[in-house]
Structure formats: C-alpha cells, structure tokens
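Inspection log for the structure reproduced underneath, given as structure tokens.
The values are calculated or read from the model by the stated rules, or taken from the named source; none is laboratory data. Note that the structure is a prediction, hence the values are computed from the model and not measured. Don't worry about glycine lacking a Cβ; one is built from the backbone with ideal geometry, like all the others, and counts go over all protein chains shown.
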Amino acid sequence: MSGPVTVAVIDYGAANMVSIARALDAVGARVTVAEDASGLAGADALVVPGVGAAPPAMAHLAERGLSQPIVDWGRSGRPILGICLGYQILFERSDEGDAATLGLLPGRTVALSGAPTLPHIGWNSVEQVRPHALFEGVPAGTYFYFVHSYAPVPADEADVIARTTHGRPFVSAATHGSLYGLQFHPEKSSDAGLRVLVNFVGLVEACRAGRAA
Amino acid sequence: MLARRVIPCLDVDKGRVVKGTKFVDLTDEGDPAELAERYAREGADEIVFLDITAAHERRGTMLDVVRRAASRAFVPLTVGGGVRSVAEMRDVLRSGADKVSFNTAAVATPELLTACADRFGRQAVVCAIDARRLPTGEPDRPGNAAPSTTPRWEVVTHGGRQAAGLDAISWAELAVTLGAGELLVTSMDRDGTRTGFDVELLAAIATRVTVPVIASGGAAGPEDFVAAVRDGRADAVLAASIFHRRIHSIASVKAAMAAAGLPVRPIDQAQA
C-alpha cells in the first residue's frame, strides 16, 4: 500500500470532530468519518475526539456500537490517537461520573487539583519528559491549547511523554505501543498542533509499512 | 504556566466584519475568515466572532463564516450572538466553533446556560456580560433607596439599549453556578472609546468566580492589556478596532505583557 494514510475520525457527537477532521486533512491525511463500526474498514488509524463529560461520551460510543471495535483495534496494535476526552477514555476509569472507560491504557482519569481556575482553558506549556516521535520538531515548553477539568493518571510512568502544570502537574501526553493520547487540542494549537498531527501521520505510515513488511 | 490570551474580536454583520462605537456607526472592515486567518498567523490565541446581524436578516450566514474560518485558522473560535437553543449551539459547534457565547439570551433564559453546559460541557459555554457603571451616590437598583458607596455595575442587553435590572457581579456569579465555563466581560462605558478597560469591574468579577474572565471594552494601547491582567485579574484580553485598524499588533501587545512579567504564548514556536 502507498499514498496518504487513511485516518478514521470517530463521530459519536463530539463537538470537535469537524475541526479534527479538517486539521488532519490539512496535514495530508485521507480522512474518513466513522459513525459506526463499518466506518473503521480500510482505515490505517483511528482518532477519538471528545470534549465534555465521560459518562455521556461512553454512552454515545456504546449506542453506536463503537466501544468494542475501538478496544479490539487498539489491542491488535493498530494506531489510535485520543484527543482531550478521547485521550481520557483510553484509560480504565474516570472519576467524572465514576465511568468505566475503554481500558486500553492502565490508569484512571481524575479531577485537576490545586488549579487556580477551572476549567483549565487556554494555552499552556507542554514539558516533554522524554524524546518521542510525536513531538519531533516541537521545542521544549511549546504552548498548546487546553480545555478540560480532568486528566488521566497513567498507572505506568513509562507511558508518560509530557507534563503540563496548572496548579499541580498533570500528564498532558501519553503513549503505549501504538496508542497515543493528548490532553491538549492539536487541531486548535496552530502550527505546533499541526506539527504534532504531522508526526502522528508519520507514525501511522511507519506502522502501515511495518505491517505490510 | 497558563498563558494569558490575546483575543481579537470580530463583530460580524451579514457575513462582514464591522466595527462601530458603542454598537452604532458601523463601518465595514473586511471578510471574517480572512481576518481570522491573518490574526491566527500573527499570534492570536483565539478568535471571537460576535454576530450582530438583526434576527430577521439571519440566514445561516454565521455558520458559513465559522466553516470558512475553521478551515483556515487552527485556533479556538468562539461565536456569540443569536444562539438561543441547544440545537442552535450544536449547529455552531459542528461548523467548527469551540465555544458559544450567550448574552441577551442568557439574561432572558438563564437555564439555557445549564442546558448547553449539560449537553456540550461547561468549557463550551461562555456568558457574555455587558456591564454599565452606575453613577456613584445613586440608588444602585430600583427599589433600593440606599445610595451606593462602592462601585456598582448593571447588566445591559440588546447591544446596550436595555437595562436588565441585574447587578453585574451577582449575575456573573449566578451564570457560573448555572453552567458558564468562562465570562466575557464588556464595559459598555468603555467599549469603542479607547480609554482603557474598566479594571475595577474586571477585578470585582474575577475575584468572585473561579472560571476564566475575558476583559473587553476600551483597549487603547498595550499598557491597557497589561493592566487588565495584572490589576483586573483577567485571564484573557479582547479587542477589536485597535487590531483591525493596525494601530497595535497582537505581537506588540504580547511583547508588552511579557515585559511586564505576564506569561504569554510566544509567536511561531513550531512550524508545521
């Protein structure tokens, strides 16, 4: 296979789905929108958007028959990028409404603590704790746009790529295998955000090449 | 550290950017999507579109503006004006906006804030408060005989034409309780006058709520933005005409804020 990678953006009613699709299109990916499990066919990677609260998001995924297919996709080693709430629900549970979430990554989502303002809205610096291909070409401390009140606590420190401080530090980017999660919105973070999406598309290409070999 | 945001505001009438003084004497200042892209490139942290189109002249023009802007400017977009229901908010968000700002509609139907926050999350719900300072020494509201000794502001709606009969500080607190995740506070005394933000008003509200406060109305020079954040405790500063007419740039405002020790997002950190 060659040509641009195909990224299926999960459409389960999340308001930022359209913006994510546009940003992925702007960085050269072929974008499809998956409203149900059939929409995943032919994709090289999934992107799980999300803004808002965990319990209704999980209910919407279940209604559309998408929860288990996303879990199966992740367990098979194919790439998934979760953004904001889409990142949080990759973990096992969320304290927001005490919701069981997808459980692809060990850990749980908790409320931000010690924050001077909530929700945490605005541009904040992302401190990379180790080099990772997702942040290639992104200088240390680059600002990205955040809109949230909760953040995941990965059980495994090895999964942490970056932290950000609002009150106390939280994990703003995490990865495990081919699963990637960003608490900030790359689709709304101007050139820095588009650069992270370029890097994600590059990781998807490498994964596709690896599977074909 | 969370950066203080610099936000250009585009007043949109029938799909075109306009700017007047105190909501009158409108002049055409350009295409909203084109201006949004320009501001994003110049370092704007967010763009606010305020739809001031008369209700009977609206035909989805704002949704088209948002769609075009969101395809060109990859920064947060807020839309205010004319959204009166959960369904209308959904359409605006699905067009590519991140937040919707409610002003007159929230005063008329406060539970709208709750309904929208329940559906889309409070981070997407902005309550815009247009506040007018009450003369000192006057009764601070109808029926209250005692003259005010501390500064007081009343809420006005319909572009400043009507008094809502609400105290601005109390309304700010109530709006947050109901579901607003952010407050856009405009001084109607200062709007369009280039005499500086009403820092007292901002501080009075910001010290009583935990959500971010966006300062609006009266920006003249970079020092006003510094004052709004440092003394008014605003999380973000918004202006229109000084940016549109290139009196000051986003960069010069951010430079002044950085020089004053305020955290700002540097421009051009990473190239896509």
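Among the listed residues B:Lys19, B:Lys14, identify the single one that is closer than 17 Å to B:Gly159 by Cα, within 16 Å of the chain's Cα centre (by Cα) and touching a residue at least 24 places away in the same chain (Cβ under 8 Å). Explain how you work it out, then say what you get.
On the way: B:Lys14 fails: within 16 Å of the chain's Cα centre (by Cα).
It is B:Lys19.
Can you tell me which residue within segment B:162-208, out of those that are part of a loop (DSSP other than H, G, I, E, B) and among the small types (Gly, Ala, Ser), is farthest from the other protein chains (Cβ to nearest Cβ)? Show your work before the answer.
Restricting attention to segment B:162-208, the residues satisfying the condition of being part of a loop (DSSP other than H, G, I, E, B) are B:179-181, B:188-198, B:207-208.
If we keep only those that are among the small types (Gly, Ala, Ser) too, we end up with B:179-181, B:192, B:196.
Working: B:Gly179: 12, B:Ala180: 11, B:Gly181: 5, B:Gly192: 26, B:Gly196: 23 Å.
Restricting to residues being part of a loop (DSSP other than H, G, I, E, B) and among the small types (Gly, Ala, Ser), the top hit is B:Gly192.
Just name the residue that is surrounded by the fewest Cβ atoms within 10 Å (Cβ to Cβ) out of those in segment A:173-211 that are more than 10 Å from the chain's Cα centre (by Cα) and hydroxyl-bearing (Ser, Thr, Tyr).
Within segment A:173-211, the first condition is being more than 10 Å from the chain's Cα centre (by Cα), and the residues that meet it are A:176-178, A:187-211.
With the extra rule that they be hydroxyl-bearing (Ser, Thr, Tyr), the set shrinks to A:178, A:189-190.
Working: A:Ser178: 19, A:Ser189: 28, A:Ser190: 28.
Checked segment A:173-211; the qualifying residue surrounded by the fewest Cβ atoms within 10 Å (Cβ to Cβ) is A:Ser178.
Of the conditions (1) small (Gly, Ala, Ser); (2) out of contact with any strand residue (DSSP E or B) (no Cβ under 9 Å at 6 or more places or on another chain); (3) in a loop (DSSP other than H, G, I, E, B); (4) more than 14 Å from every other protein chain (Cβ to nearest Cβ), A:Ser38 fails just one. Which one is it?
All conditions are met except number (3).
So for segment A:188-207 (the condition being among the polar types (S, T, N, Q) and either within 30 Å of B:Val237 (Cα to Cα) or in contact with a Lys or Arg (Cβ under 7 Å, 6 or more places away or on another chain) (or both)), does at least one residue qualify? Spell out how you get there, then give the answer.
Quick first cut of segment A:188-207, residues among the polar types (S, T, N, Q) only: A:189-190, A:199.
From what is left, the residues that are either within 30 Å of B:Val237 (Cα to Cα) or in contact with a Lys or Arg (Cβ under 7 Å, 6 or more places away or on another chain) (or both) are A:189-190.
Yes, there is a match, as at least one residue in segment A:188-207 is among the polar types (S, T, N, Q) and either within 30 Å of B:Val237 (Cα to Cα) or in contact with a Lys or Arg (Cβ under 7 Å, 6 or more places away or on another chain) (or both).
What do you reckon, is A:Ala45 modelled with pLDDT of 95 or more and either on the phi < 0 side of the Ramachandran plot or more than 14 Å from chain B (Cβ to nearest Cβ) (or both)? Steps first, please.
Details: modelled with pLDDT of 95 or more: yes; either on the phi < 0 side of the Ramachandran plot or more than 14 Å from chain B (Cβ to nearest Cβ) (or both): yes.
So A:Ala45 passes the test.
Here is a yes/no grid of residues against (1) within 14 Å of chain B (Cβ to nearest Cβ); (2) out of contact with any strand residue (DSSP E or B) (no Cβ under 7 Å at 6 or more places or on another chain); (3) not aliphatic (A, V, I, L, M):
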| position | (1), (2), (3) |
| --- | --- |
| A:Val126 | yes, no, no |
| A:Glu136 | yes, yes, yes |
| A:Pro139 | yes, yes, yes |
| A:Val160 | no, no, no |
| A:Thr164 | yes, no, yes |
| A:Ala173 | no, no, no |
| A:Val198 | yes, yes, no |
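Provide a single number: the residues in segment A:175-196 that are within 14 Å of chain B (Cβ to nearest Cβ) and either part of a strand (DSSP E or B) or aromatic (Phe, Trp, Tyr) (or both).
1
For a quick check of your reading: which strands (runs of 3 or more DSSP E) sit entirely within segment B:6-105 and have at least 3 residues that are farther than 22 Å from B:Gly181 by Cβ and out of contact with any Ser or Thr (no Cβ under 6 Å at 6 or more places or on another chain)?
Numbers: elements: B:16-21, B:24-30, B:47-51, B:77-80, B:99-102.
Filter on segment B:6-105 gives B:16-21, B:24-30.
Say we look at segment A:141-154 and pick out the residues that are among the hydrophobic types (A, V, I, L, M, F, W, C) and crowded, with 21+ Cβ neighbours inside 10 Å; which of these is nearest to the other protein chains (Cβ to nearest Cβ)? Spell out how you get there, then give the answer.
The initial filter retains those residues of segment A:141-154 that are among the hydrophobic types (A, V, I, L, M, F, W, C), namely A:144, A:146-147, A:151, A:153.
Within this subset, residues satisfying the condition of being crowded, with 21+ Cβ neighbours inside 10 Å are A:144, A:146-147, A:151.
Numbers: A:Phe144: 9, A:Phe146: 8, A:Val147: 5, A:Ala151: 13 Å.
Checking each candidate, the answer is A:Val147.
Against the definition (within 14 Å of chain A (Cβ to nearest Cβ) and farther than 20 Å from A:Gly13 by Cα), how does B:Ala70 come out, yes or no? Break it down stepwise before answering.
Details: within 14 Å of chain A (Cβ to nearest Cβ): yes; farther than 20 Å from A:Gly13 by Cα: no.
So B:Ala70 fails the test.
Which condition breaks for A:Gly86 when tested against (1) assigned to a helix (DSSP H, G or I); (2) without any contact (Cβ under 8 Å) to a residue 60 or more places away in the chain?
(2)
Tell me, which residue of segment A:90-124 that is more than 14 Å from chain B (Cβ to nearest Cβ) and part of a loop (DSSP other than H, G, I, E, B) is surrounded by the fewest Cβ atoms within 10 Å (Cβ to Cβ)?
A:Asp95
Filter segment B:225-252 for residues that are more than 26 Å from B:Val209 (Cβ to Cβ) and among the basic types (Lys, Arg); which is modelled with the lowest pLDDT?
This residue is B:Arg245.
Please enumerate the residues belonging to segment B:106-138 that are buried (at least 24 other Cβ atoms within 10 Å of the Cβ), within 26 Å of B:Gly218 (Cα to Cα) and away from chain A (no Cβ under 14 Å).
B:Ala106, B:Ala128, B:Ile129, B:Asp130, B:Ala131, listed by residue number.
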